[in-house]
Amino acid sequence: MTDDADVLLEAVLSVGRGLELEGTLYRVVQAAADIADARYAALGILGEDGQIAQFLTVGLSEDEIRAIGPYPRGRGLLGELIRHPAPLRLPDMAADHRSVGFPAHHPPMRTFLGVPLQVRGNPFGNLYLTDKRGGGEFTADDQRLIEALASAASVAVENARLYDEATLRERWAHGNDEISRRVLAGDTPESVLDAVAREAVQVAAADVAVLATVDDDAPDHLRVRSAHGPGTDGLVGTRLPLQGTFAAEAYTAGQAVVTRDAASDHRQTLSFNPPSVVGPLAAMPLGGPGRTAGVLTVGRRAGTPPFPRVVVDALAAFASQAAVALELAERRRDAERLAVVRDRDRIARDLHDLAIQRLYATGLSLEGVGRRMQERPEAKGDAERVERAVGDLDETISLIRTTIRGLQPSTGAVRRVGLRARLVAEVDAASRTLGFTPALHMAGAVDTLVPPATADHLVAVLREALSNVARHAEARRVGVELVAGDDVVLTVADDGRGIPADAARSGLANLERRAADLGGTFTVERDQPGTALHWRVPLNL
Ligand SMILES: Nc1ncnc2c1ncn2[C@@H]1O[C@H](COP(=O)(O)OP(=O)(O)OP(=O)(O)O)[C@@H](O)[C@H]1O
Ligand SMILES: [Mg+2]
């Protein structure tokens with residue numbers, strides 16, 4: 001084996017040593033510099049637009065790279081190789097008519113060797129070598145070796161690309177798993193959103209991710225719901241205008257907006273600080289056009305490679321899956337809220353129907369005992385204690401009432417208190433004058449089906465009917481029933497002496513008028529014994 005073959009073999013082996021694309025590419029550049037004895041070497045990788053998307057260099061220090069500024073876009077000699085992908089060897093770059101010269105702070109470079117690099121028959125990039133050590137020019141042998149390296153590197157690059165895609169898929173699957181896990185565990189939408197932004201950083205190999213959703217209180221804004229990465233502190237909760245930003249464009253268009261350098265892309269402004277650190281940027285709608293819930297924006301530090309198409313595609317799919325997850329999480333939260341409201345409603349009802357009734361009954365029997373004791377002078381002390389106990393019970397009942405009011409949604413305005421609760425309160429109030437507690441039964445979605453105006457009538461009707469029972473019936477029992485369906489029907493039935501046929505009607509006439517006003521009916525039934533009133537009005541008005 002010749003020396004050259006040794007060097008080449010060594011170089012090819014080193015290139016194939018790792019699997020990550022970025023590392024592989026650096027090893028190609030380093031190997032090229034070693035083989036051709038060049039002071040400087042670079043690999044300009046072409047983006048989807050055919051321009052240089054990434055520029056890897058060997059021989060320049062970090063400080064020198066920073067001083068030179070943005071990597072070349074592919075004009076002059078570098079562009080020549082892009083336009084005509086064939087090896088190019090020059091003794092003096094500056095003397096060539098195609099040269100556009102160097103930017104400020106660029107070290108002087110003289111000799112030049114450029115070789116195109118293809119992967120799977122497609123242009124991938126170009127190897128650029130400058131300043132052969134020892135003062136001489138790059139030789140035909142150098143060129144031959146670099147060409148051989150380029151063809152060996154093409155296989156390594158292809159492998160590394162496949163590997164990168166595989167790991168991307170892995171990161172993506174991991175991100176989806178993480179989000180699904182949270183949704184299934186019943187996490188809050190906030191927690192799901194937070195996971196989406198954090199996993200997006202991983203999926204896209206990005207530095208920052210910001211997730212904003214539509215703001216209910218201000219529909220002309222997006223609100224940042226979660227943010228990850230350096231410089232994103234304090235971003236959560238801030239609002240983004242729905243115009244003039246990358247995020248806004250992605251949101252309104254319902255499709256991904258990608259830029260290779262947010263800072264110099266003047267189509268839009270950056271939707272969030274820190275602008276200084278963000279170069280490549282991709283903004284993804286959450287959900288499709290017309291039903292976009294928000295925008296996921298990822299950014300990479302300025303000067304790093306732009307997001308490749310495969311990453312953008314993966315991210316778009318990730319974002320739409322995240323949108324579904326988010327919707328599930330939000331639906332679940334609504335369902336839980338509803339369950340809480342229902343639960344409170346049930347507790348309030350039980351307190352009314354069970355606890356209060358029982359306390360009343362106890363209070364009434366105690367009152368009876370107390371009255372009898374009053375009649376016996378020797379039991380006067382006990383009678384007073386019983387009276388105090390009855391007072392305590394009354395206080396307890398009013399305490400429970402307060403609790404019930406707190407449990408019911410929208411306390412305050414009487415009208416907003418549910419009909420159910422108001423009828424229960426009427427029955428409670430009537431118990432005092434009746435001397436016993438009416439039986440109360442309600443069926444149907446009383447609170448939701450009955451409109452407020454009808455509810456007001458029902459309360460008035462019940463009050464009048466119970467006052468009649470207390471004043472005229474001499475009843476021992478009275479039953480109140482309210483059924484809400486297509487109609488709402490209130491029935492008040494007692495077992496008293498019944499309404500005399502010739503009774504003059506005043507309150508009862510009012511009840512009839514109230515029913516007629518609402519297109520309903522009012523009937524008085526003479527039970528044996530007792531009276532039953534039926535007050536019915538239609539609900540489907
Ligand atoms: N549940 C009942 N049991 C027995 N008699 C009743 C009953 N309800 C009403 N009455 C009789 O019917 C009459 C008419 O009742 P109505 O409610 O129209 O007038 P009122 O109760 O006497 O007066 P107002 O309602 O104006 O206070 C009563 O005076 C009473 O004699
Ligand atoms: Mg009356």
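Going by accessible surface with a 1.4 Å probe and the largest first, Arg171, Arg301 read Arg301, Arg171. How much of Asp233 can a 1.4 Å solvent probe reach, expressed as accessible area in Å² and rounded to 10? Near enough 140 Å² of accessible area. For region 167-331, what is the relative contact order in percent, using Cα pairs closer than 8 Å and at least 6 residues apart in sequence? Normalised by residue count, the contact order of region 167-331 is 25 percent.
More than 33 angstrom separation, counting every C-alpha pair in the chain; what % is that? Present the calculation step by step, with values, prior to reporting the outcome.
On the way: 92961 of 146070 pairs.
Beyond 33 Å sits 64 percent of the P(r) for the chain.
Entry note, the chain: relative contact order of 8 percent, from Cα contacts under 8 Å with a spacing of 6+ residues.
When Leu359, Leu354 are compared by accessible area at a 1.4 angstrom probe, the order from most to least is Leu354, Leu359.
The heavy atoms of Arg144 present about 130 square angstrom of accessible area, all protein chains included, probe 1.4 Å.
On the accessible surface of the chain, probed at 1.4 Å, how many percent belong to carbon and sulfur atoms? C and S fraction of accessible area: 52 percent. Taking only the Cα atoms of region 418-541, the radius of gyration and Dmax are 13.6, 40 Å.
Modelled label positions at Ala445 and Val155, each set 7 Å beyond Cα in the direction of Cβ, lie 7.1 nm from each other. Candidates Ala475, Pro70, Gly229 compared by Cα position along the dipole of the chain: farthest toward the positive end lies Ala475, with charges placed on Cβ. Using a probe of 1.4 Å on the protein chains alone, the accessible area found for Leu13 is around 100 Å². The fraction of all Cα pairs in region 3-165 landing in successive 10 Å bins from 0 to the largest distance is 11, 43, 37, 9, 0, given as whole percents.
So what is the 222 nm mean residue ellipticity for the chain from helices alone, if each DSSP H run of at least 4 adds -39500 (n - 2.57) and you divide by all residues, rounding to the nearest 500 deg cm²/dmol?
Values: 14 runs with 248 residues, N = 541.
The helix-only estimate for the chain comes to -15500 deg cm²/dmol at 222 nm.
Taking a Cβ cut-off of under 15 Å around Ala140, the surrounding Lys, Arg, Asp and Glu residues balance to a net charge of -3, with basic ones at +1 and acidic ones at -1.
Give the angle, between 0 and 90 degrees and rounded to the nearest 10, that separates the Cα long axis of helix 357-374 from the longest principal axis of the Cα atoms of the chain. Compared with the principal axis, the helix lies near 30 degrees.
Eigen-decomposition of the gyration tensor built on the alpha-carbon atoms of region 202-256 gives equivalent ellipsoid semi-axes of 20, 15, 9 angstrom, largest listed first.
If the only charges are +1 at each Lys and Arg Cβ and -1 at each Asp and Glu Cβ, what is the size of the charge dipole of the chain around the Cα centre, to the nearest 20 debye?
Values: 61 positive and 74 negative charges, 325 e Å.
That gives a dipole near 1560 debye.
Excluding ligands, DNA and RNA, the accessible surface per residue across the chain is 51 Å² with a 1.4 Å probe. Subtracting the Cα-Cα distance of Ser61 and Asp233 from their residue separation scaled by 0.36 nm leaves 58.8 nm. Using the Cβ of Ile52 as centre and a radius below 13 Å, the other residues enclosed give a net charge of 0, where K and R count +1 and D and E count -1. Shape annotation for region 167-331: C-alpha extents along the principal axes are 42, 40, 29 Å, from largest to smallest. For Met442, the residues whose modelled amide H falls within less than 5 Å of its own, excluding neighbours fewer than 5 places apart on the same chain, are Leu482.
For Thr24, the shell of other residues with beta-carbons less than 11 Å away shows a net charge of -1, using +1 for Lys and Arg and -1 for Asp and Glu. Here each label is just a point 7 Å from Cα along the line to Cβ, and for Leu359 and Ala509 those points are 4.1 nm apart. Starting from a Cα-only point model with no solvent, please compute log10 I(q)/I(0) by Debye for region 51-107 at q = 0.12 1/Å. With one equal scatterer per Cα and no solvent, log10 I(q)/I(0) is -0.31. Counting 0.36 nm for each residue step from His97 to Ser398 and taking away their Cα separation leaves a gain of 98.5 nm.
What do you get for the angle between helix 189-203 and the principal long axis of the chain? Use alpha-carbon atoms, 0 to 90 degrees, nearest ten. Compared with the principal axis, the helix lies near 10 degrees.
Could you please put Thr57, Thr259 in sequence from largest to smallest accessible area, using a 1.4 Å probe? Could the numbers behind the result be given before it?
Working: Thr57 30, Thr259 10 Å².
My answer, sorted largest first, is Thr57, Thr259.
The values are calculated or read from the model by the stated rules, or taken from the named source; none is laboratory data. Quick caveat: nothing in here was measured; it's all calculated off a predicted structure. Reconstructed Cβ throughout: ideal geometry from the backbone, glycine too, with neighbour counts over all protein chains shown. What goes into the accessible areas is simple: the full protein's heavy atoms, side chains included, and nothing from ligands, DNA or RNA. Shrake-Rupley method; radii C 1.70, N 1.55, O 1.52, S 1.80 Å.
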